[in-house]
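Heads up: the structure comes next, in structure tokens.
The values are calculated or read from the model by the stated rules, or taken from the named source; none is laboratory data. Just so it is clear, the model here is predicted, and its values are computed rather than measured. No Cβ is skipped: glycine too gets one built from the backbone with ideal geometry, and neighbour counts run over all protein chains shown.
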2 protein chains.
Amino acid sequence: MKAKARAHANIALIKYWGKRDRRLNLPAVGSISLTLDALYTITSVQFDKNLSEDELILNGQMAARRETERITIFLNIVRHVSGIKHYARVSSKNNFPTAAGLASSASAFAALALAAATAADLSLSKKELSILARRGSGSAARSVFGGLVEMKRGSAKNGRDAFALQLAPPEYWDLRLLIAVTSESQKPIGSTKGMQLSKQTSPYYRGWVDGAKKDLKEMRNAVIEKDIEKMGELCEFSALKMHALAMSSNPGIIYWNGTTVEGIHTIRSLRQSGIPVWFTIDAGPQIKALCLSDAVKTVSETLQDISGVKRIIECRPGYDASLMEHSPE
Amino acid sequence: MKAKARAHANIALIKYWGKRDRRLNLPAVGSISLTLDALYTITSVQFDKNLSEDELILNGQMAARRETERITIFLNIVRHVSGIKHYARVSSKNNFPTAAGLASSASAFAALALAAATAADLSLSKKELSILARRGSGSAARSVFGGLVEMKRGSAKNGRDAFALQLAPPEYWDLRLLIAVTSESQKPIGSTKGMQLSKQTSPYYRGWVDGAKKDLKEMRNAVIEKDIEKMGELCEFSALKMHALAMSSNPGIIYWNGTTVEGIHTIRSLRQSGIPVWFTIDAGPQIKALCLSDAVKTVSETLQDISGVKRIIECRPGYDASLMEHSPE
């Protein structure tokens, strides 16, 4: 009744923003991501008949009620499917800042899904695991897989066709993502709330949803052809469209700080000077540079020199979520 | 055959972005602006039969060919209407940085329109002057008037119903606009080019155009009711939508620098702490704070403290474009 799993964070190159169903966490658009080796969550789950409620230890500390409730909602799905009636003791640890736009909910819910399903003796395919992880966090569906991953929007009401699949394994391509950390604070407005506000108030929401299909198709081709130029262009276009959508909500949501914008200009200047590098930004202020391995040194040193950049995290393509321990008894 | 006029710059509170006709400078959306007393252009025009081409002295220096050509295109309209065949000697001086997102083309073409029309002995109504100024620069149509001004989008193909009119005179309301200058460099991409790129490539262009009518209507009401809260909210919403539109172009246009974003966050923090102040930003990196006179001291001191803010220009509502000299001979 106990299991421990590890899952890596991922960064969307074609962004996910907006839900077509809030309860089932069904995305309004598909997305394509890169799984990151350097950022991960390790989570253990133990179902225990002596517990009177679920317990969550997050990064070594008893979690807040709000966080524990989110875990309980997720574990209720696992309990419902497996028939287990017990509460669980969950311990989860990130090796990087939580809720700061570094995709901690992606790795956290992918690790939780694998650990909880295993502890509950559910035998799930990767696709089923991806669907389960999605219930915890939309981006977690992608962290089930390593390398380059596509999340399908799906069209079924019950979400059975909204799952992730691997486009290319980690060894496929020597991609690098350099994360310039500009703040370790939690973001002022969470992704779920931000997405809801955009859907309800932005005049650009329809344009965002309508444009996604083309972006996904072009990105799939860029992956197949290992076309880093095209991948980079699409990456910036999708990131700016996502932030533009958030900004055009009412009131406008601005996840950037000053250093984020300086990072954008720096990466574009580097590119003009001949270094093949592109940016992406998630729902947070960190600036992320996409390049191939031979540009890492120059890009890293240049980003480090921007006033306000605290440190650089270098990421390579990461692996599938994996089981670390399993004690059936 | 000589005249000299002064016109003030203006800042759009409901933004203009996108043209429905490039040659006639017909806007895709209407706009509402505040004319600014502290920023102005003084322009003199003298038609002279001894000249073999138009001459432009800009801020005391012979202008570049590109700039002189833009003036010639404008003067050709005046020559066509008035029947004058001579070239002109034009001297224009701004009391503030040129082409840095401080609306220098608005005050410049409003002053030029008034000086050139007067020198050419055209007797134009304010409405006709506004239509003429629009041919030089869309925002110049608004600088013909002082106070709060609305530019009509119009629907006629020839632009006869695309002109500005005054919503309220400068004395109507004790508004202040504080401009925090973050850079005096020229912007990397001009407004006309930026608008064209947005129209051609942004998936949000339709949403932008469709939303403008409601913004204009609500802003007119806010002016009538002297509702600074509502005016401020609309002001931020319109500015963020405009920048979101530019950012969602392909490639994305980013007029902001790091200080611009820090300025946004600072103004929002000030507001959370009870100071009634809102921001707007034009096609450039300057951050502009809208407030009433009693908030000026606090807002000004707080903005001045942001690293990267070079100086603050305090503006009150400015007056109509006006004639300074007229020598018919």
Condition first: of a type outside the set (S, T, N, Q), in contact with a Pro (Cβ under 9 Å, 6 or more places away or on another chain) and at pLDDT below 95. Can you find one or more residues in the range B:199-208 that meet it?
no
Single match in B:LYS214, B:LYS199 (criterion: within 14 Å of chain A (Cβ to nearest Cβ) and more than 30 Å from A:LEU234 (Cα to Cα))
B:LYS214
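Condition first: farther than 15 Å from B:HIS8 by Cβ and not acidic (Asp, Glu). Now tell me which residues in the range B:126-150 satisfy that. Explain how you work it out, then say what you get.
Here is the first cut: in the range B:126-150, the residues farther than 15 Å from B:HIS8 by Cβ are B:127-128, B:131-132, B:134-136, B:138, B:150.
B:LYS127, B:ILE131, B:LEU132, B:ARG134, B:ARG135, B:GLY136, B:GLY138, listed by residue number.
Any idea which of B:LEU240, B:LEU216, B:LEU197 is assigned to a helix (DSSP H, G or I), without any contact (Cβ under 8 Å) to a residue 60 or more places away in the chain and under 18 Å from the mean Cα position of the chain (by Cα)? Spell out the reasoning first.
Numbers: B:LEU216 fails: without any contact (Cβ under 8 Å) to a residue 60 or more places away in the chain; B:LEU197 fails: under 18 Å from the mean Cα position of the chain (by Cα).
Answer to the selection: B:LEU240.
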Provide a single number: the residues in the range A:243-270 that are in contact (Cβ under 8 Å) with a residue 12 or more places away in the chain, out of contact with any strand residue (DSSP E or B) (no Cβ under 6 Å at 6 or more places or on another chain) and farther than 27 Å from A:GLY138 by Cα.
5
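Sort out which residues of the range A:204-221 are over 19 Å from A:ARG20 (Cα atoms) and surrounded by fewer than 21 Cβ atoms within 10 Å (Cβ to Cβ), and write them in order of number.
Let us first name the residues in the range A:204-221 that are over 19 Å from A:ARG20 (Cα atoms), namely A:217-221.
Listed by number, the residues that qualify are A:LYS217, A:GLU218, A:ARG220, A:ASN221.
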Which of the residues that make up the range A:145-167 are touching a strand residue (DSSP E or B) at 6+ places or on another chain (Cβ under 6 Å) and outside any strand (DSSP E or B)?
A:PHE145, A:GLY146, A:GLY147, A:ARG153, A:GLY159, A:ALA162
Given the structure, is A:ASP227 charged (D, E, K, R) and away from every other protein chain (no Cβ under 13 Å)?
yes
Counting just the residues of the range B:280-289 that are of a type in the set (Gly, Ala, Ser) and more than 11 Å from B:LEU178 (Cβ to Cβ), which one comes out nearest to the other protein chains (Cβ to nearest Cβ)?
B:GLY284
Looking for whichever is hydrophobic (A, V, I, L, M, F, W, C), touching a Ser or Thr at 6+ places or on another chain (Cβ under 9 Å), within 10 Å of another protein chain (Cβ to nearest Cβ) and outside any loop (DSSP other than H, G, I, E, B) here; the options are A:ALA180, A:ALA246. Which one fits?
A:ALA246
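Is it fair to say B:LEU175 is modelled with pLDDT of 95 or more, within 14 Å of chain A (Cβ to nearest Cβ) and within 18 Å of the chain's Cα centre (by Cα)? Before the answer, list the steps.
Working: modelled with pLDDT of 95 or more: yes; within 14 Å of chain A (Cβ to nearest Cβ): no; within 18 Å of the chain's Cα centre (by Cα): yes.
Criteria not met by B:LEU175.
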Can you confirm whether B:GLU225 is among the charged types (D, E, K, R), assigned by TED's automatic domain parsing to the domain that holds B:LYS297 and either over 28 Å from B:CYS291 (Cβ atoms) or out of contact with any Leu (no Cβ under 9 Å at 6 or more places or on another chain) (or both)?
yes
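Residues that are among the hydroxyl-bearing types (Ser, Thr, Tyr): list the strands (runs of 3 or more DSSP E) wholly contained in the range B:1-119 that include at least 2 such residues.
Values: elements: B:2-14, B:19-21, B:31-48, B:55-58, B:87-94.
Hits in the range B:1-119: B:31-48, B:87-94.
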Selection from the range A:252-279 of residues that are closer than 20 Å to A:SER185 by Cβ, more than 7 Å from chain B (Cβ to nearest Cβ) and not in a helix (DSSP H, G or I):
A:ILE253, A:TYR255
Give the residues of the range A:47-67 that are crowded, with 19+ Cβ neighbours inside 10 Å and modelled with pLDDT of 95 or more, sorted by residue number.
A:PHE47, A:ASP54, A:LEU56
Condition broken by A:ASN221, with the remaining ones in (1) within 25 Å of A:LYS297 (Cα to Cα); (2) free of Cβ contacts under 8 Å to residues at least 12 places away in the same chain satisfied:
(1)
Unique residue being basic (Lys, Arg), outside the structural domain of B:LYS217 (by TED's automatic domain parsing), farther than 29 Å from B:PRO169 by Cα and touching a residue at least 60 places away in the same chain (Cβ under 8 Å) when the list is B:ARG89, B:ARG70, B:ARG65:
B:ARG70
Quick check on my filter: what residues within the range A:230-242 are crowded, with 22+ Cβ neighbours inside 10 Å and either at the interface with another protein chain (Cβ under 7 Å from one of its Cβ atoms) or of a type in the set (Lys, Arg) (or both)?
A:GLU236, A:PHE237, A:LEU240, A:LYS241
